[in-house]
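The values are calculated or read from the model by the stated rules, or taken from the named source; none is laboratory data. Here the structure is a predicted model, which is why all the values come from computation and not from measurement. Every residue, glycine among them, receives a Cβ derived from its backbone with ideal geometry; neighbour counts consider all protein chains shown. The area values use the complete protein model at the heavy-atom level, side chains included, leaving out ligands, DNA and RNA. Shrake-Rupley method; radii C 1.70, N 1.55, O 1.52, S 1.80 Å.
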Amino acid sequence: MKIIIINGPNLNLLGKREPEIYGSQTFEDYLSLLKSEFPDVDLHYFQSNIEGEIIGKLQETGFEFDGIILNAAAYTHTSVGIGDAVKAIKTPVIEVHISNTFSRESFRHQSYISPNAKGIVIGFGMESYKLALQYFVK
């Protein structure tokens, strides 16, 4: 099984950025734990602060991978283009958020990804990624 995690803007700062919201663990450390816990999954990772690169990665992997776990971060609430890319590809996408976006500012309650995602996992910290991965390997 081939799965990719795609992270959007500022998620490269996990472990440093607002630890009261996002925790103190880097994503790279968490990814190592996921890979050890799911050794039979060919797990890939991509992060970009650039909207077009995220769209490009969705298009590149969206017809060849078995699943995509997407945390588009702030682009979730602003990017029609990323939402359209999710709609255009064949590979199922699970939208993930570390924080509970509905307990934050009202502009974070809108998602351009959700209408085209297979499912959504919100608010379980880094474990949100694991829950999405468990769905794919069920």
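What pairs come up if the first residue lies in the range 7-27 and is without any contact (Cβ under 8 Å) to a residue 60 or more places away in the chain, the second is open to solvent by less than 20 Å² (accessible area, probe 1.4 Å) and in a loop (DSSP other than H, G, I, E, B), and their beta carbons are under 6 Å apart, counting only those six or more places apart or on different chains?
Correct list of pairs: Thr26/Leu14.
Do we find a residue being acidic (Asp, Glu) and assigned to a helix (DSSP H, G or I) anywhere in the range 115-133?
Initially, the range 115-133 is screened for residues acidic (Asp, Glu), giving 127.
Restricting the remaining residues to those that are assigned to a helix (DSSP H, G or I) gives 127.
Yes, the conditions are met somewhere in the range 115-133.
From the list Ser24, Ser32, pick out the single residue that is loosely packed, with under 15 Cβ neighbours inside 10 Å and modelled with pLDDT of 95 or more. Don't jump to the end; show me each part of the working.
Details: Ser24 fails: modelled with pLDDT of 95 or more.
The conditions single out Ser32.
Considering each of Ile68, Ile54, Ile94, Ile6 in turn, give the residue that is of a type outside the set (D, E, K, R), within 17 Å of Tyr129 (Cβ to Cβ), in a helix (DSSP H, G or I) and within 16 Å of the chain's Cα centre (by Cα).
Working: Ile68 fails: in a helix (DSSP H, G or I); Ile94 fails: in a helix (DSSP H, G or I); Ile6 fails: in a helix (DSSP H, G or I).
None of the others qualify; the one that does is Ile54.
Restricting the first residue to the range 33-53 and requiring it to be under 15 Å from Asn12 (Cα atoms), which pairs with a second residue that is open to solvent by less than 80 Å² (accessible area, probe 1.4 Å) and among the hydrophobic types (A, V, I, L, M, F, W, C) meet a Cβ separation below 6 Å and a spacing of at least six or different chains?
Going by the 6 Å Cβ cut-off, the qualifying pairs are Tyr45/Ile5; Tyr45/Leu31; Phe46/Ile6; Gln47/Leu11; Ser48/Ile54.
Taking the range 63-111 as the search range and keeping residues that are β-branched (Val, Ile, Thr) and over 20 Å from Phe124 (Cβ atoms), which one is modelled with the lowest pLDDT?
Quick first cut of the range 63-111, residues β-branched (Val, Ile, Thr) only: 68-69, 76, 78, 80, 82, 86, 89, 91, 93-94, 96, 98, 101.
If we keep only those that are over 20 Å from Phe124 (Cβ atoms) too, we end up with 78, 80, 82, 86, 89, 91.
On the way: Thr78: 91, Val80: 97, Ile82: 98, Val86: 98, Ile89: 98, Thr91: 98.
The residue in question is Thr78.
List the residue pairs whose Cβ atoms are under 8 Å apart, where the first residue sits in the range 80-99 and is of a type in the set (Asp, Glu), the second is assigned to a loop (DSSP other than H, G, I, E, B) and open to solvent by 10 Å² or more (accessible area, probe 1.4 Å), and the two are 6 or more positions apart or on different chains.
Matching pairs, first to second residue: Glu95/Ser111; Glu95/Ala117.
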